[in-house]
Amino acid sequence: MTRRKLIAGNWKMNGHLDHLRELDEIANAAEAHPDVDVAICPPATLIAPAVQRVPGLTIGAQDCHAEDRGAHTGCLAAPMLAEAGAKCTIVGHSERRADQGETDADVRGKAEAAHRHALTAIICVGETEEQRDAGEAESVVTGQVEGSLPPDATAANTVIAYEPVWAIGTGRIPTMDDVAAMHAAIRAKLSELVAGEADGIRILYGGSMNGDNAGELLAVDHVDGGLVGGASLSADKFVPIIEAAGFLYGRR
């Protein structure tokens, strides 16, 4: 099966209204490479103005609550994000798992909420350096997939993002063999859990992807795109990743 590449940017807790100008060039690059899906997940305060500025670009959120409403001060529900114009949301990012103590069950609940309101859930999984060094990387990651994936997951409503936690923001990159092995293990676990949809669900690589290494990473089997952090804040750094994905389609 040929899966369309998805290049998704996670702005994390960065950006104000004037930063939305970066979206103009990103949207132009997305239009120039129609075989590549491009999404930007800015802070929640920027979702609606981003949608207004670049209506042709997919805008997403960085998190959602598992409940649709209620006494959850400071949280945002999936229907609120959808109303603001979001089309997808990241759930279970390694920073939230670590900083907010989110469990697989929490992440699964958020993904289910996203699905209820027609948002694609980008479910993040990944191991720490200690877990990798202990030889537990594959079991940790596939366990997170099993615990976080809703039973209604399909290729249309779910994306998996593999984050080698020890590579995020450090500039360290696993070997291509390491990346291939983990993505293959995730695909195999998906086949166990949602057999009819497993081949269609995209698996993104989420560890320090940039314009220099994107082409090599995106060519690895079962790497169906990237979840990009810091490089997505700048069109100058993000557009080359989109172009690298587009170049792969051009070679087919």
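Here, each number is a calculation from the coordinates, and none is a lab measurement. All values reported here derive from a predicted model rather than from experimental measurement. Because the Cβ atoms are built from the backbone with ideal geometry, glycine has one as well, and the counts that use them run over all protein chains shown.
Okay, here's what the table says:
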item: Distance between modelled label sites at L248 and E67, nm, 7 Å Cα→Cβ extension; result: 4.1
item: Computed FRET value (nearest 0.05) for E136 with D199, which takes r as the C-beta separation and R₀ as 30 Å; result: 0.65
item: Listed residues H65, H115, H16, most fluctuating in the chain (Gaussian network, C-alpha, under 10 Å); result: H16
item: Per principal axis, descending, Cα span of region 158-206 in whole Å; result: 37, 20, 13
item: Relative exposure of M80, M176, M13, M209, judged by other C-beta atoms within 10 Å (fewest first); result: M13, M176, M80, M209
item: Options A188, A214, H72, ranked by Cα towards positive dipole end of region 61-223, top entry (Cβ charges); result: H72
item: Order of K237, K5 - criterion: other Cβ atoms within 10 Å of each residue's Cβ, fewest first; result: K237, K5
item: Charge dipole (debye, nearest 20) of region 61-223; +1 at Cβ of Lys and Arg, -1 at Cβ of Asp and Glu; result: 520
item: Most mobile listed residue (G143, G92, G60) in the chain, GNM with C-alpha springs under 10 Å; result: G143
item: Segment A32-A219, extension gain: residue separation times 0.36 nm, minus the distance between their alpha carbons; result: 65.3 nm
item: Relative contact order, percent, region 61-223 [alpha-carbon distance under 8 Å, six or more residues apart]; result: 20
item: Neighbour-count order for D106, D99, D35, fewest beta carbons within 10 angstrom listed first; result: D99, D35, D106
item: Label-reachable residues, region 70-107, where backbone N falls under 19 Å from a point 7 Å from E192's Cα toward its Cβ; result: 104-105
item: Extension reserve of the M176-D212 stretch, reckoned as 0.36 nm per residue once the Cα distance is removed; result: 11.6 nm
item: Selection from P43, G229, A198, by position along the positive dipole direction of the chain (Cβ); result: P43
item: Restricting region 47-115 to trypsin sites (Lys or Arg not before Pro) in coil, as DSSP defines it, with at most 12 other Cβ within 10 Å; result: R69
